[in-house]
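Visitor: My questions will all concern the structure given below.
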């Protein structure tokens, strides 16, 4: 019997601490096909959603798996019709139960107005939902009220401390989407000048979002200082993501200045997504004690190579430095699909390693449990306090 068959039953029952996800939007159960397709691409072009997504491996697999769960024909139309028969609480709970979700860590400042709050989502799915603080969004809200760089940094630190006191389990930066990951040290005078330039843009009505590299860099160092003080991980987007990301500057090897800073060596740096920089991220996790690799958005989008992706990362990264997440967003189906795909990919990847005599069954199951749950329980404060 192939090892994957021996492992499958055990891995299927393992809970998942989804340490990087977003609450779904408040939508009725009767949705259009475009809504169901939307999370399966990072494109904002309607033709991609309408014409291309239905032909991806990820979407076709999702439709087939979801049809099996809902007991309907494996077609998009049948799935949408079956979905519409549920009330939202029953449907969300059905998917959460089938996905074996444990705690969910909600980047709640993403699309906040249209999504369930952490408390609402926790009640909906019957699981703990812990907030994750997106630092750039916090700063954007503080900027109009700050009088100087020093004032901004103090307000910023106070907001992060208050968020942690309110239950936040991590800080998160989307610097990769805004100005790139080559984070440089910024002195106070330079940071103040950058602050004044951004304020001038706000006053001129030309400010859209925080993307001034100098100020983004300066604030990331401030966030690291707070994370070090509070014992919080810092999540960083790497590689693919929103369609405004510029891939060459989202390579995690550009984080050298941050990763070599001894002062923050005890702050877990969680690299999110990582595609196509899988091996670079795995390398960093093998070299720096505080670097962790996550394959959140990568697996559910690149489903056709999911097993190879998991195996590539485990080829170099220590298993205690790899975490599973879904980057669930917009609809509960995306989180559910990603959770199922994680278990399927882990089962196949670890089974191959066992068949090649590189792991034993026991070791493979231990690694699966670490990736799905134990590693997150170790580095995030809420799970450390309850485990």
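Visitor: Of the conditions (1) over 25 Å from residue 282 (Cβ atoms); (2) surrounded by 14 or more Cβ atoms within 10 Å (Cβ to Cβ); (3) in contact with a helix residue (DSSP H, G or I) (Cβ under 7 Å, 6 or more places away or on another chain), residue 221 satisfies every one except a single condition; which number is it?
Guide: It fails just one condition, (3).
Visitor: I've got another one for you. Scan 111, 151 and give me the residue that is under 17 Å from residue 328 (Cα atoms) and out of contact with any helix residue (DSSP H, G or I) (no Cβ under 8 Å at 6 or more places or on another chain).
Guide: Details: 151 fails: under 17 Å from residue 328 (Cα atoms).
Exactly one residue qualifies, and that residue is 111.
Visitor: What number goes with the only condition from (1) within 25 Å of residue 146 (Cα to Cα); (2) in contact with a strand residue (DSSP E or B) (Cβ under 7 Å, 6 or more places away or on another chain); (3) not in a loop (DSSP other than H, G, I, E, B) that residue 168 does not pass?
Guide: Tallying (1) within 25 Å of residue 146 (Cα to Cα); (2) in contact with a strand residue (DSSP E or B) (Cβ under 7 Å, 6 or more places away or on another chain); (3) not in a loop (DSSP other than H, G, I, E, B), residue 168 fails exactly one: (3).
Visitor: On the basis of being more than 15 Å from the chain's Cα centre (by Cα), surrounded by 24 or more Cβ atoms within 10 Å (Cβ to Cβ) and part of a helix (DSSP H, G or I), does residue 306 make the cut?
Guide: Considered against the rule, which asks whether it is more than 15 Å from the chain's Cα centre (by Cα), surrounded by 24 or more Cβ atoms within 10 Å (Cβ to Cβ) and part of a helix (DSSP H, G or I), residue 306 comes out as yes.
Visitor: Let me ask something else. For residues that are crowded, with 22+ Cβ neighbours inside 10 Å, in contact with a helix residue (DSSP H, G or I) (Cβ under 7 Å, 6 or more places away or on another chain) and touching a residue at least 60 places away in the same chain (Cβ under 8 Å), tally how many sit in region 269-303.
Guide: The qualifying residues number 4.
Visitor: Right, something else. Please specify each residue of region 70-104 satisfying the condition of being within 28 Å of residue 130 (Cα to Cα) and free of Cβ contacts under 8 Å to residues at least 40 places away in the same chain.
Guide: Result: 89, 90, 93, 94, 97.
Visitor: So if I check each of 79, 53, 138, which one is within 30 Å of residue 198 (Cβ to Cβ) and surrounded by 18 or more Cβ atoms within 10 Å (Cβ to Cβ)? Please lay out each step first, then the result.
Guide: Working: 79 fails: within 30 Å of residue 198 (Cβ to Cβ); 53 fails: within 30 Å of residue 198 (Cβ to Cβ).
Going through 79, 53, 138 in turn, just one is within 30 Å of residue 198 (Cβ to Cβ) and surrounded by 18 or more Cβ atoms within 10 Å (Cβ to Cβ): 138.
Visitor: Kindly indicate whether residue 217 is within 12 Å of residue 179 (Cα to Cα) and part of a loop (DSSP other than H, G, I, E, B). So that I can check it myself, show each step before the final result.
Guide: Numbers: within 12 Å of residue 179 (Cα to Cα): yes; part of a loop (DSSP other than H, G, I, E, B): no.
Considered against the rule, which asks whether it is within 12 Å of residue 179 (Cα to Cα) and part of a loop (DSSP other than H, G, I, E, B), residue 217 comes out as no.
All of the numbers you see were taken from the coordinates with simple rules; none came from a lab. Because the structure is a prediction, the values reported are computed rather than measured. In this analysis, Cβ positions are derived from the backbone assuming ideal geometry, glycine residues included, and neighbour counts consider all displayed protein chains.
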